[in-house]
Every structure is written in C-alpha cells, then in structure tokens.
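I have placed the structure first, in the form of structure tokens, so that the comments after it can refer back to it.
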Amino acid sequence: MRIYRENDYEAMSRRAASILAAEVVRRPDCVLGLATGSSPEGTYRYLADWNKQGLLSFREVKTVNLDEYKGLAPDHDQSYRFFMQDRFFSRVDILPENTRVPDGLAEDSAAECAAYDAYIQSLGGVDLQLLGIGRNGHIGFNEPGDCFVKGTHVVDLAPSTIEANARFFASPGDVPQQAFTMGIGNILAARKILLVASGADKAEALYRAACGPISPQCPGSILQLHPDVALVGDEAALSKLTAAGVPVCG
Ligand code: F6R
C-alpha cells in the first residue's frame, strides 16, 4: 500500500483526483468503480473542473458505483444515484448510459445483485476503484462481520453506520436499514484501488485497515492483500499510522 499524506481535505482531494485523472488519460475507455460520501466529494469537484477546462474527458469512461440504499428511488435526494448525478455525472461529459448504480428499488434483490456482477464482468472488470472507509472499517457497505462476502449482495447496515449517516436525513428513523453493495471480491478484483480518507475520526479505521490483522471484523483490512492500493489521507486521518512509524510519501 502506498500512502500519500496531504495537509488537509483540499490537498487530499487534489491528489486523489490527479491519480484518477492519470488513469483516465492513460486509458480513456477505462472502467472506474466509484464511491459516494464526504470523502470523495472534493475529488469529484477537481475532476469536474479539469473536465470543464478541457484537460480531461470522460466520454469513453464507464462507471460502476459501489453501493446504493435499498428502498430509495434514484431521484431521492439521499440516494447514491442522486449524489452521483449531482456531484459528478451532470458536471462532466460522461454518457448517462455508461454510468451504473445498483437499483435501490429492485424488487428482486438477488436478481439485481446477479445482474450487477454480470455487468461488471461484461465490462472486463474495474480498472480503478475509488473507496472511502467507514469509522468501523467498512468499505462499500461491507460491514464488520464474521466473513467476507464475495459478490454484490444486500446488507443490514450496522447501527454505527446508520448513526453516522443520519446527519443527511430528517431523522435517524428515515435512514434505510439495508443497502446493496459490491462484495469484497468485487473490490479486490479491481486492478487498482484508491482509498481516500480525511479527519481524525478515520484514524483508527485506517490504522486497522493498513496495519491490523486481516479480518472481516475490519473489512478494509483485506486491502493489505491487494497489490496496487494508493491510500490518500490528510494528516489527521493518517495520524495513527504516522505515529506508529509507517512510511508515507509526502
Ligand atoms: C459510499 C461507501 C462508504 C463510504 C464510507 C465513508 O459509497 O461506499 O463505504 O465510503 O461510509 O463515508 P464518508 O466519506 O461520508 O465518511
């Protein structure tokens, strides 16, 4: 795992965007795995700016998102499809038909999961997967548990995740209890992984992911087995790793 330490959220976002942009320049028809949440918002902002300036094009890029709340319609303002449209897809020249997010309203969950895995397969897999990490170590919505789940599946969200995401909903009772998520196998199959994290509340999760035992109790720890992971964090998020003497770039 290569660890890039940046001063703050802005610098973290710029660095992450430049790693992602390099992939798109190198391979204009690449497949990007995308994440939602606070961590990648700044990254999307930089990419949209560079697209607007004509420095980068997403015309041939295809995207697959990690996850979606079960039960939320694509136009619900807290759905991940809405987030992606609002923060990224509507701001760049990507073709709508080249973007895919699990369908939160799918009636047959098993069929939706199987179709999602088949779609990723049909694209030839993901070239670069962007990830955030939960305070409990989750990646995608793979919550801490007794085993790693391989493919796209439906999860019961952990109480701590519901609590962390309640800030976006009118009340904690409005937060969906379940979500579709790519599995750990989908994430590990990506050729490259870019993990972004900022803030002191991610320090423990990052430390456990990068240095702790590889265990489904900290799903992010599986990234230690991937050959090409870049972790871009700000100083606060990386504080536990740097205090432990883990080497970082920058
Ligand atoms: C979102 C996702 C989640 C988030 C994680 C961190 O698509 O897969 O794993 O990356 O919950 O969220 P933020 O960035 O909001 O702290």
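The values are calculated or read from the model by the stated rules, or taken from the named source; none is laboratory data. Just so you know, these numbers come straight off a predicted model, no measurement behind them. All Cβ positions, even for glycine, are placed from backbone atoms using ideal geometry, and neighbour counts span all protein chains on display. The area values use the complete protein model at the heavy-atom level, side chains included, leaving out ligands, DNA and RNA. Shrake-Rupley method; radii C 1.70, N 1.55, O 1.52, S 1.80 Å.
Tabulated data for the structure shown
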| item | result |
| --- | --- |
| Near pairs, Cβ below 9 angstrom, 6+ apart or cross-chain, from the stretch 28-51 (over 17 Å from E6 (Cβ atoms)) to any residue that is open to solvent by 40 Å² or more (accessible area, probe 1.4 Å) and within 16 Å of the ligand (Cβ to nearest atom) | T36/R87; A48/R87 |
| Matching option when the condition is of a type outside the set (S, T, N, Q) and either in contact with a Lys or Arg (Cβ under 6 Å, 6 or more places away or on another chain) or free of Cβ contacts under 8 Å to residues at least 12 places away in the same chain (or both), among D67, D103, D93 | D93 |
| Residue count, the stretch 96-151 (criterion: acidic (D, E) and touching a helix residue (DSSP H, G or I) at 6+ places or on another chain (Cβ under 8 Å)) | 4 |
| Failed item, numbered, when L225 is tested on (1) open to solvent by 20 Å² or more (accessible area, probe 1.4 Å); (2) within 12 Å of the ligand (Cβ to nearest atom) | (2) |
| Test: residue in the stretch 180-187 that is aromatic (F, W, Y) and either open to solvent by 40 Å² or more (accessible area, probe 1.4 Å) or more than 25 Å from C113 (Cβ to Cβ) (or both) | no |
| Tabulated pairs, the stretch 109-137, first at positive phi, second more than 16 Å from the ligand (Cβ to nearest atom) and of a type in the set (K, R), C-beta under 8 angstrom, 6+ apart or interchain | G125/R191 |
| Criterion: without any contact (Cβ under 8 Å) to a residue 24 or more places away in the chain and either surrounded by fewer than 17 Cβ atoms within 10 Å (Cβ to Cβ) or not acidic (D, E) (or both) - qualifying residue of G212, G220, G233 | G212 |
| Residue check, Y44 among the aromatic types (F, W, Y) and open to solvent by less than 40 Å² (accessible area, probe 1.4 Å) | yes |
| Pairs, first loosely packed, with under 14 Cβ neighbours inside 10 Å in the stretch 143-168, second outside any loop (DSSP other than H, G, I, E, B), C-beta under 7 Å, six or more apart | E163/P172 |
| Cross-chain or 6+ apart pairs with Cβ under 7 Å, the stretch 183-207 first and part of a helix (DSSP H, G or I) and away from the ligand (no atom under 11 Å from the Cβ), then aromatic (F, W, Y) and open to solvent by 30 Å² or more (accessible area, probe 1.4 Å) | I184/F148 |
| Test: residue in the stretch 113-129 that is open to solvent by less than 40 Å² (accessible area, probe 1.4 Å), in a loop (DSSP other than H, G, I, E, B), more than 14 Å from the ligand (Cβ to nearest atom) and of a type in the set (D, E) | yes |
| Lone unmet requirement of (1) assigned to a helix (DSSP H, G or I); (2) within 13 Å of the ligand (Cβ to nearest atom) for R135 | (1) |
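Residue-by-condition table, conditions (1) within 16 Å of the ligand (Cβ to nearest atom); (2) among the β-branched types (V, I, T):
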| position | (1), (2) |
| --- | --- |
| D8 | yes, no |
| E23 | no, no |
| C30 | no, no |
| A35 | yes, no |
| T43 | yes, yes |
| K62 | no, no |
| D67 | yes, no |
| P74 | yes, no |
| F88 | yes, no |
